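Notes for the one structure printed next.
The values are calculated or read from the model by the stated rules, or taken from the named source; none is laboratory data. Just so it is clear, the model here is predicted, and its values are computed rather than measured. Cβ sites come from the backbone with ideal geometry, for glycine too, and all protein chains shown count toward neighbours. Note: areas computed on protein heavy atoms with side chains; ligands, DNA, RNA excluded. Shrake-Rupley method; radii C 1.70, N 1.55, O 1.52, S 1.80 Å.
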Amino acid sequence: MFSLLPEDDEELRQLQEQLRRGSRDSFQLLKNFPENPICSITVDEAARTLMIVWKQYATQVQLRFIHETLLRMIRAHGVCKILGDDTALPTVPLEDQEWIAQNWMPRAMGSGLRFIANKPPESYFGKLSIRSIQALAPPDLQFRSFEELRSADGPAVG
């Protein structure tokens, strides 16, 4: 299994500790990162793509742990694209929207991320959240939305 916690990463270790004290879903996230109640994550190394399927709402600690671990996966697998099925994502709180766009995305780009494609959420507030993240995101990060994820296969990346 992919090593989630480098020894020198205090922030990720603190998130892990908070998850251990959290809900059953948080414990499952720690126990089986690629397939947990909040999201499922797969890597297509040939396409240099991470696929994320959101299943439900994520608390701030869960969301940040997922994103910090995704950052390590981007580095470890040479990922340049993320493909997200956001259909079941109900919302992302404003503070987390800002953190993703202004903190996490620049670090992900520094690790090689160049392109994000998604299938938009079904919920109204989920759609607003994703639009807000995209509006706040670094201008060099390319975004596209698709009604069907198979339409997003093989997006061109410079």
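Checking the structure you have, find out if any residue of segment 17-32 is surrounded by fewer than 19 Cβ atoms within 10 Å (Cβ to Cβ), in a loop (DSSP other than H, G, I, E, B), modelled with pLDDT under 95 and in contact with a strand residue (DSSP E or B) (Cβ under 6 Å, 6 or more places away or on another chain).
Scanning segment 17-32 turns up no residue that is surrounded by fewer than 19 Cβ atoms within 10 Å (Cβ to Cβ), in a loop (DSSP other than H, G, I, E, B), modelled with pLDDT under 95 and in contact with a strand residue (DSSP E or B) (Cβ under 6 Å, 6 or more places away or on another chain).
Does A135 satisfy the criteria of being of a type in the set (G, A, S), over 21 Å from P34 (Cα atoms) and open to solvent by 70 Å² or more (accessible area, probe 1.4 Å)?
Taking the combined requirement at face value, the residue satisfies it.
Scan segment 62-87 and report the pairs whose first residue is acidic (D, E) and whose second residue is part of a loop (DSSP other than H, G, I, E, B), with Cβ atoms within less than 7 Å and a gap of 6+ or a chain change.
D86/P120; D86/P121
Would you be able to tell me the number of residues in segment 46-82 that are open to solvent by less than 20 Å² (accessible area, probe 1.4 Å) and part of a loop (DSSP other than H, G, I, E, B)?
3
Can you tell me which residue is farthest from L141 (Cα to Cα) among those in segment 85-131 that are among the polar types (S, T, N, Q) and out of contact with any Lys or Arg (no Cβ under 7 Å at 6 or more places or on another chain)?
S123
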